[in-house]
Amino acid sequence: MADFTKAGMQQADRAQVSQTIQEASAGSKYWQHQQQKSEKLQQQIDQMILKQSTFSLEQLQQARKLADQAVDFWEQRRNTDRSFLHVDMDAFYASVEIRDCPELQGKPVAVGTHAMLATASYEARKYGIRSAMPGFIALKLCPELTIIAPNSAKYRQVSGDIRKIFEQYDANCVAYSLDEASLEITGYLKLHPDLNPWTTAEQIRKQIFDTTRLTASVGIACSRKLAKIASDYNKPNGQFQVPAQQDEIIRFVRALPIRKISGIGRVTATILQDALGIKTVQDMYDQRHLLQLLFKESSFDFFIRTTLGISESDDVTPRERKSISKEHTFRPTNDPAELLEICSILAQQIADILCAYRCSAQTIGLKLKLDSFEIRTRARTVYTAVYEFEDINRIAQQLLRKEFPIRLRLIGVRVSKLQKQRLKQTKLDDYMILPQQDE
Ligand code: DCP
Ligand code: MG
């Protein structure tokens, strides 16, 4: 199902896009499996509805009291003194390609392959085309679409250039991918009293454009998470500020559909909506007593903080990441070339993230979902941590080749044992494989 909450997708004809995808995704096993999955989810929802009907008035009142105490607890810890910008390039790969080939200006353009698109220009999004969609389906939605093969080296060059700009504002800026970073500008603003968060965002966007001829969108807020959400508000080529005041923050978050909150995925959203009627963050706040009764403490706490727009922490040392993974679901195939291609696109995505994080990985793993839905994992640990696309791809493809012949519907690539340094791989390392434990 296409994700119409993505920027630029609002104009697409939903019914027609869904129909085209369904027709092209023929293969009843997929739908059968979706069906089973939703039956299980439905049971969970039914149980929750049943449980709700057993609560006494006293229990509900007590739960409301506890929920309000949690609200007070977090309100006392609210901090609106810090300023964050979340910068995200617009239709990144596609914009780079259009910049370098002006005939494409104003035309629907996607970057990727027959098997999978990495992204699409805003022009292409009007047709419902988006990242992770197979190129052949995109061409059905829009036959005049131009699909360009990814040029990773170019995107990294731009990523390095914008990174240098970000570091002028925050030496500890956090990059989440090649095109997206979070900056704390609290310190910068103290040194530049003539600027404010809004004008600083304008200045950064101008600097990015002058350096790269590309546009970016910026979210401005007093927490990283709010800034990220805000970065999507005036996309493309815009900026949006959540004022650093308690009432404004609450107004902003309460209006959001719960799916816009990072940490609330499809399953949680379905449960909240179907069992509790929660569609927006305001609904979540209104039902806080039920959330207190039905969910475990840590989830409840997360929901309460969400309704207040309060992050757990905005400090730079986020929980050290243990692994990075990317996966892709597709129409089942046993075509070795197609499987190797998908594997290689995922290896590229992982390499890009490692590049943004400036780290390397010692273990490279594969997750394979067979046509039968059986899941297999394979992994390999090498002596010297790797980070280049070529190295990750070679190891991932070796693992995949060993499984041939195989008919798959999903491939995932996962790297773990992350290291904070990047040492050049030597040829010798290929032969120095550490004893293997499948993770
Ligand atoms: N990307 C990818 N595969 C995905 C998602 C993204 O290869 N499933 C790549 C291509 C994108 C880049 O990462 O250009 C940045 O991802 P974004 O989610 O920021 O998407 P865009 O920058 O393309 O579009 P937007 O304007 O919505 O930010
Ligand atoms: Mg982007």
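Residues checked against (1) part of a loop (DSSP other than H, G, I, E, B); (2) under 25 Å from residue 49 (Cβ atoms):
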| position | (1), (2) |
| --- | --- |
| 244 | yes, no |
| 250 | no, no |
| 259 | no, yes |
| 271 | no, yes |
| 278 | yes, yes |
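Among the numbered criteria (1) within 13 Å of ligand 1 (Cβ to nearest atom); (2) in contact (Cβ under 8 Å) with a residue 60 or more places away in the chain; (3) of a type outside the set (Gly, Ala, Ser), which one does residue 226 miss?
Of the numbered conditions (1) within 13 Å of ligand 1 (Cβ to nearest atom); (2) in contact (Cβ under 8 Å) with a residue 60 or more places away in the chain; (3) of a type outside the set (Gly, Ala, Ser), the odd one out for residue 226 is (1).
How many of the residues in region 237-251 are in contact with a strand residue (DSSP E or B) (Cβ under 6 Å, 6 or more places away or on another chain) and within 13 Å of ligand 2 (Cβ to nearest atom)?
Matching residues across region 237-251 total 1.
Restrict the check to region 363-372 and report whether at least one residue is at pLDDT 95 or above, farther than 21 Å from residue 334 by Cα and not in a helix (DSSP H, G or I).
Yes, that holds for at least one residue.
Determine, yes or no, whether residue 244 is surrounded by fewer than 20 Cβ atoms within 10 Å (Cβ to Cβ), without any contact (Cβ under 8 Å) to a residue 24 or more places away in the chain and of a type in the set (A, V, I, L, M, F, W, C).
Numbers: surrounded by fewer than 20 Cβ atoms within 10 Å (Cβ to Cβ): yes; without any contact (Cβ under 8 Å) to a residue 24 or more places away in the chain: no; of a type in the set (A, V, I, L, M, F, W, C): yes.
Here the answer is no, as residue 244 does not meet what is asked.
Here's the yes/no breakdown for (1) part of a loop (DSSP other than H, G, I, E, B); (2) surrounded by 16 or more Cβ atoms within 10 Å (Cβ to Cβ); (3) not aliphatic (A, V, I, L, M):
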position: 291; (1), (2), (3): no, yes, no
position: 303; (1), (2), (3): no, yes, yes
position: 307; (1), (2), (3): no, yes, yes
position: 310; (1), (2), (3): yes, yes, no
position: 330; (1), (2), (3): no, yes, yes
position: 340; (1), (2), (3): no, yes, no
position: 343; (1), (2), (3): no, yes, yes
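Where the second residue is of a type in the set (Ser, Thr, Tyr) and within 16 Å of ligand 2 (Cβ to nearest atom) and the first is over 15 Å from residue 327 (Cα atoms) and lies in region 111-140, which pairs have Cβ atoms under 6 Å and are six or more apart or on separate chains?
So the pair list comes out as 111/93; 111/119; 119/93; 119/131.
Which of the residues belonging to region 380-396 are more than 16 Å from residue 152 (Cβ to Cβ) and either surrounded by fewer than 19 Cβ atoms within 10 Å (Cβ to Cβ) or out of contact with any helix residue (DSSP H, G or I) (no Cβ under 8 Å at 6 or more places or on another chain) (or both)?
Scanning region 380-396 gives 380, 381, 383, 384, 385, 395.
State all residues of region 361-384 that are among the aromatic types (Phe, Trp, Tyr) and within 26 Å of the chain's Cα centre (by Cα); if no residue qualifies, say none.
Narrowing region 361-384 to residues among the aromatic types (Phe, Trp, Tyr): 373, 383.
The answer is 373, and nothing else.
Contact list please: Cβ distance under 6 Å, first residue in region 202-215 and free of Cβ contacts under 8 Å to residues at least 12 places away in the same chain and within 14 Å of residue 88 (Cα to Cα), second residue among the acidic types (Asp, Glu) and surrounded by 13 or more Cβ atoms within 10 Å (Cβ to Cβ), pairs at least six apart or on different chains.
Pairs that qualify, where the first residue is free of Cβ contacts under 8 Å to residues at least 12 places away in the same chain and within 14 Å of residue 88 (Cα to Cα) and the partner is among the acidic types (Asp, Glu) and surrounded by 13 or more Cβ atoms within 10 Å (Cβ to Cβ): there are none.
Quick check on region 327-356: of everything there that is within 16 Å of ligand 2 (Cβ to nearest atom) and farther than 15 Å from residue 419 by Cα, which residue is farthest from the chain's Cα centre (by Cα)? Can you show your working first?
The first filter runs over region 327-356 and keeps only residues within 16 Å of ligand 2 (Cβ to nearest atom), leaving 349, 352-353, 355-356.
Among the residues that remain, those that are also farther than 15 Å from residue 419 by Cα are: 349, 352.
On the way: 349: 12, 352: 14 Å.
Per the stated criteria, the residue is 352.
I'm checking my understanding of the structure. Among residues of region 118-152 that are under 16 Å from residue 90 (Cα atoms) and among the aliphatic types (A, V, I, L, M), which one is nearest to ligand 1 (Cβ to nearest atom)?
Checked region 118-152; the qualifying residue nearest to ligand 1 (Cβ to nearest atom) is 118.
What single numbered condition from (1) buried (at least 20 other Cβ atoms within 10 Å of the Cβ); (2) away from ligand 1 (no atom under 16 Å from the Cβ) fails to hold for residue 239?
(2)
Go through region 118-142 and count every residue that is in contact with a Ser or Thr (Cβ under 7 Å, 6 or more places away or on another chain), more than 14 Å from ligand 2 (Cβ to nearest atom) and either part of a strand (DSSP E or B) or on the phi > 0 side of the Ramachandran plot (or both).
Residues meeting the conditions: 0.
The values are calculated or read from the model by the stated rules, or taken from the named source; none is laboratory data. None of these values were measured; they are calculated from a predicted model. Cβ atoms come from the backbone with ideal geometry, glycine included; neighbour counts cover every protein chain shown.
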